[in-house]
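Some notes on the structure that comes next.
The values are calculated or read from the model by the stated rules, or taken from the named source; none is laboratory data. Everything numeric here is computed off the predicted structure, so don't read it as measured data. Because the Cβ atoms are built from the backbone with ideal geometry, glycine has one as well, and the counts that use them run over all protein chains shown.
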Amino acid sequence: MPELRAILFDVDDTLYSTTAFAALARRRAVEAMVAQGLRLSVEEVSRELYEVIGEFTSNYSHHFDKLLLRLPPASWAGINRAILIAAGITAYHATKSELEPFPDVLPFMRRVTAHTDLRLGVVTHGLEMKQAEKLLLLGVLPHLDPRAIFISDQVGISKPNPKLYTKALDDLGLRAEETMYVGDNPAHDIDPPNGLGMITVRMRRENRYTQVESLTAADYDIASLDELVPALERDFGLQLGPEPRAPTGEPRGS
């Protein structure tokens with residue numbers, strides 16, 4: 001029976017719904033700008049904002065500045081542009097207080113850390129502070145090995161470069177064949193670790209990648225971490241046991 005020593009996770013659309021959160025936060029931002037006097041409908045402004053995001057990427061830090069440049073000057077004439085931008089930014093960031101993991105995430109992590117010696121960690125693509133903030137808000141940090149947090153911007157290597165995974169393995173002293181990686185993006189999360197010989201798990205949650213296939217087959221294909229429990233027990237001899245009681249102040253699920 002093969003030995004499993006660690007499970008590493010992608011973050012976005014694997015541990016929480018990036019897609020749903022981004023849509024809600026952007027909607028709230030536009031509504032706040034309209035409430036401050038922007039003279040266009042929420043739908044009109046939202047369409048332009050999504051064009052800005054598509055052209056400048058989601059990690060660009062001046063979406064609302066570019067948005068105002070593209071809107072008719074008459075739509076915000078007489079309003080201090082800094083107030084409109086601040087309204088959008090403030091509403092967007094306020095939505096982060098509602099960030100929560102998928103319902104299966106914390107129960108799974110609690111079972112793994114309570115009943116096994118597996119190390120849990122993340123290998124995530126994104127800006128250093130943005131990804132770190134997500135880990136804090138999602139409440140997963142108590143279950144992660146603090147040495148097993150690898151953020152592409154912090155490491156200097158982006159997905160899908162397999163060197164990002166190699167860096168994680170080397171730093172943790174793990175062999176590829178004893179390390180499992182769970183992610184939703186076939187090009188970023190399945191093919192690169194497959195090429196290194198890692199154990200791969202395709203998380204097929206509802207998002208833009210659900211119907212996209214990887215070039216190489218994942219070892220496991222699941223829609224929830226609950227589906228991974230039988231595989232861990234059957235294929236790796238682990239006994240996860242029941243979910244322990246959540247510590248005071250920690251949500252039991254989502």
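Inside the stretch 48-76, can you point out the residues that are in contact with a Gly (Cβ under 8 Å, 6 or more places away or on another chain) and not in a helix (DSSP H, G or I)?
Listed by number, the residues that qualify are 59, 76.
If you check residue 15 against the conditions, is it in contact with a strand residue (DSSP E or B) (Cβ under 9 Å, 6 or more places away or on another chain), surrounded by 13 or more Cβ atoms within 10 Å (Cβ to Cβ) and either farther than 27 Å from residue 209 by Cα or modelled with pLDDT of 95 or more (or both)? So that I can check it myself, show each step before the final result.
Working: in contact with a strand residue (DSSP E or B) (Cβ under 9 Å, 6 or more places away or on another chain): yes; surrounded by 13 or more Cβ atoms within 10 Å (Cβ to Cβ): yes; either farther than 27 Å from residue 209 by Cα or modelled with pLDDT of 95 or more (or both): yes.
The answer is yes for residue 15.
Just the residues that are at pLDDT 95 or above, out of contact with any strand residue (DSSP E or B) (no Cβ under 8 Å at 6 or more places or on another chain) and surrounded by 19 or more Cβ atoms within 10 Å (Cβ to Cβ), please, taken from the stretch 189-218.
Across the stretch 189-218, the qualifying residue is only 192.
Taking residue 79, is it outside any loop (DSSP other than H, G, I, E, B), touching a residue at least 12 places away in the same chain (Cβ under 8 Å) and farther than 16 Å from residue 144 by Cβ? Explain how you work it out, then say what you get.
Details: outside any loop (DSSP other than H, G, I, E, B): no; touching a residue at least 12 places away in the same chain (Cβ under 8 Å): yes; farther than 16 Å from residue 144 by Cβ: yes.
So residue 79 fails the test.
Quick grid of which residues meet (1) in a helix (DSSP H, G or I); (2) of a type outside the set (A, V, I, L, M):
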position: 92; (1), (2): yes, yes
position: 101; (1), (2): no, yes
position: 106; (1), (2): yes, no
position: 113; (1), (2): yes, yes
position: 122; (1), (2): no, no
position: 129; (1), (2): yes, no
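State yes or no: is residue 178 surrounded by 15 or more Cβ atoms within 10 Å (Cβ to Cβ), in contact (Cβ under 8 Å) with a residue 12 or more places away in the chain and not assigned by TED's automatic domain parsing to the domain that holds residue 134?
Values: surrounded by 15 or more Cβ atoms within 10 Å (Cβ to Cβ): yes; in contact (Cβ under 8 Å) with a residue 12 or more places away in the chain: yes; not assigned by TED's automatic domain parsing to the domain that holds residue 134: no.
Answer is no for this residue.
Take residues that are among the basic types (Lys, Arg) and tell me which of the helices (runs of 4 or more DSSP H) falling wholly in the stretch 156-247 contain 2 or more.
On the way: elements: 163-172, 191-196, 228-236.
Answer list for the stretch 156-247: 163-172.
Being surrounded by 12 or more Cβ atoms within 10 Å (Cβ to Cβ), within 30 Å of residue 132 (Cβ to Cβ) and out of contact with any helix residue (DSSP H, G or I) (no Cβ under 9 Å at 6 or more places or on another chain) is the filter here, so list the residues in the stretch 39-82 that pass it.
Across the stretch 39-82, there are no qualifying residues.
Look at the stretch 1-47 and say how many of its residues are assigned to a helix (DSSP H, G or I) and among the aliphatic types (A, V, I, L, M). Break it down stepwise before answering.
Within the stretch 1-47, the first condition is being assigned to a helix (DSSP H, G or I), and the residues that meet it are 18-35, 42-47.
Imposing the further condition that a residue be among the aliphatic types (A, V, I, L, M) reduces the set to 20, 22-25, 29-30, 32-35, 42, 45.
Number satisfying all stated conditions: 13.
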